[in-house]
Amino acid sequence: MSGSPASPPRAQVRFPDPAGIAAAAAILRGGGLVAMPTETVYGLAGDAFHELALARIFDVKERPTFDPLIVHVTAGAAPLRLADLQSARLVDPARLTGRLREAADALIARFWPGPLTLVLPKRDDVPDLATSGLRSVAVRMPAHPVAQALLAAAGTPLAAPSANRFGRISPTSAEAVMDELGDRIPLILDGGRCAVGVESTVLSVGQHAEQPGALVLLRPGAVSAAVIEAAAGLPVATLAEPVARAGPQASPGLLESHYAPRVPLALLPAPVAHLAPARAREIARAAGAPPGAVVGLLLLGGPVEPAATAFATATGLEVHARALSAAGDLAEVAHSLFAELRAIDRALAHQDEAVLFCEPCAPTPGLGHAIADRLRRASAPRPRG
Ligand code: AMP
Ligand code: MG
């Protein structure tokens with residue numbers, strides 16, 4: 001319609017064939033940004049050594065600059081070692097003890113490419129903007145073939161945080177990226193749904209201020225502390241419940257309210273099957289959902305019907321329920337989590353007083369811990385202003 005203001009340009013969504021990869025690499029070489037699929041979530045990629053590209057990442061995401069980025073590296077031809085990250089101008093292994101150098105090499109050999117990010121001492125070449133002024137840099141080698149093809153074609157490490165606006169749900173499909181950033185970036189490579197679905201495990205290799213010299217789990221992900229310990233031959237310290245604080249974050253994943261849908265998320269204290277009706281009613285009232293209100297109910301496993309009916313009967317709410325995995329399988333729960341949060345968010349967007357209730361996840365090592373962590377943050381009180 002003429003007369004209406006021009007709508008902002010929309011990102012091009014391209015199939016990641018050689019022409020698509022070449023187009024994306026050309027944008028990256030010019031200091032621009034593209035969204036790329038990885039096995040965890042979609043990343044907003046820019047040249048890690050290009051100051052302007054890094055500034056654009058923070059701008060596009062509306063991300064505070066105290067929140068550092070993960071630098072993604074190419075798998076190349078040969079198996080990679082710490083020394084290669086030094087040659088790549090990223091890491092300064094001299095600032096690690098011999099024992100930690102061995103541990104890092106063992107972890108790289110065992111888990112890369114894959115969903116494990118290592119926080120290592122940085123070389124001065126790494127721009128401060130990538131690390132929020134920290135003396136450490138977070139590095140990961142993604143396993144996704146499209147991310148690897150793009151890294152090879154770009155010829156530079158790529159800083160790539162999740163391709164969502166700050167504090168919102170990480171995208172696990174090209175459509176979700178379009179939803180988040182379609183008006184802000186030129187190109188999205190469509191690699192289908194992300195296999196893992198939750199962000200990488202982040203491990204500090206001797207870089208945590210309060211536990212210098214130790215391996216510290218900064219963000220839980222698919223790779224558990226136990227398998228890291230086995231591969232590294234060293235204990236892994238886990239942080240107590242993360243505390244939100246001002247200033248540089250040891251890990252952006254430590255920000256308390258994160259991964260949040262627009263509709264308020266209320267984490268149930270127990271699976272619906274174990275909630276007494278009176279308790280369910282109390283919870284619904286405390287969450288601000290008056291009888292008759294339309295609400296979402298996210299179950300970890302099926303069947304959906306009995307749980308939805310029990311919750312609706314107890315609370316008097318109109319319940320729209322979905323299960324993250326019919327069989328209650330954790331890998332499937334992780335795979336669907338962000339996509340389902342997004343779908344429910346969209347479905348409830350125009351309902352007043354909508355609330356999304358979600359069953360809790362037992363924090364079993366690895367994915368259980370990662371899912372419980374993301375749900376807790378999605379339900380955390382939101383900072384205002
Ligand atoms: P996102 O970019 O949204 O995937 O989140 C980035 C993740 O990078 C955070 O959760 C942090 O754990 C991690 N990170 C990046 N750089 C550092 C660093 N220098 N030290 C500690 N954690 C880091
Ligand atoms: Mg993120």
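The values are calculated or read from the model by the stated rules, or taken from the named source; none is laboratory data. Just so it is clear, the model here is predicted, and its values are computed rather than measured. We place every Cβ from the backbone using ideal geometry, glycine too, and count neighbours over all the protein chains shown. Areas reflect the complete protein model, heavy atoms only, side chains present, ligands, DNA and RNA absent. Shrake-Rupley method; radii C 1.70, N 1.55, O 1.52, S 1.80 Å.
Observations, loosely collected:
- Taken one residue at a time, the phi angles of the stretch 270-277 give Karplus couplings (6.51, -1.76, 1.60, θ = phi - 60°) of 7, x, 3, 4, 9, 9, 5, x Hz. Gly and Pro are set to x.
- Within a Gaussian network of the chain (alpha carbon springs, distance under 10 Å), most fluctuating of L52, L158, L217: L52
- Normalised contact order of the chain, rounded percent, pairs of Cα under 8 Å and 6 or more residues apart: 19 percent
- Taking the 1.4 Å solvent-accessible surface of the chain as the whole, the part contributed by carbon and sulfur is 57%.
- For the residues L82, L90, L203, a GNM of the chain with alpha-carbon springs under 10 Å puts the largest fluctuation on L82.
- If the segment from R346 to A83 were pulled out straight at 0.36 nm per residue, it would be longer than the present Cα-Cα gap by 90.0 nm.
- Each residue of the stretch 115-123 was assigned a 3J(HN,Hα) from its phi angle through the Karplus expression (A = 6.51, B = -1.76, C = 1.60, θ = phi - 60°), giving x, 10, 9, 10, 9, 10, x, 8, 7 Hz with x at Gly and Pro.
- If the chain linking E175 and E282 were pulled fully straight, counting 0.36 nm for each residue of separation and taking away their Cα-Cα distance, it would gain 34.8 nm.
- Size of the chain from its Cα atoms: along the principal axes, largest to smallest, the extents are 63, 62, 38 Å.
- Heavy-atom accessible surface of the stretch 76-139, averaged per residue, reaches 44 Å², computed with a 1.4 Å probe.
- The stretch 60-219 - percent relative contact order, Cα under 8 Å, separation 6 or more: 28 percent
- Working ranking of peptides 97-105, 295-303 by packing, defined as the average number of other Cβ atoms within 10 Å per residue, highest first, is 295-303, 97-105.
- Vicinal HN-Hα couplings computed from phi for the stretch 194-207 (Karplus, 6.51 cos²θ - 1.76 cosθ + 1.60; Hz; Gly/Pro x): 6, 5, 7, x, 10, 5, 4, 5, 10, 10, 7, 9, x, 10
- The stretch 268-385, relative contact order in percent, only Cα pairs under 8 angstrom and at least six apart counted: 30 percent
- R165 versus A94: modelled label distance in nm, points set 7 Å from Cα along the beta carbon direction: 4.6 nm
- Selected from T40, T74, T238 as most flexible by GNM, with the chain as the system and alpha-carbon contacts under 10 Å: T238
- Shape category assigned to the stretch 138-183 from the gyration tensor of Cα positions, a/c cut at 1.5: prolate
- At full extension, R382 and T313 could sit 21.9 nm farther apart than now, given 0.36 nm per residue minus the alpha carbon distance.
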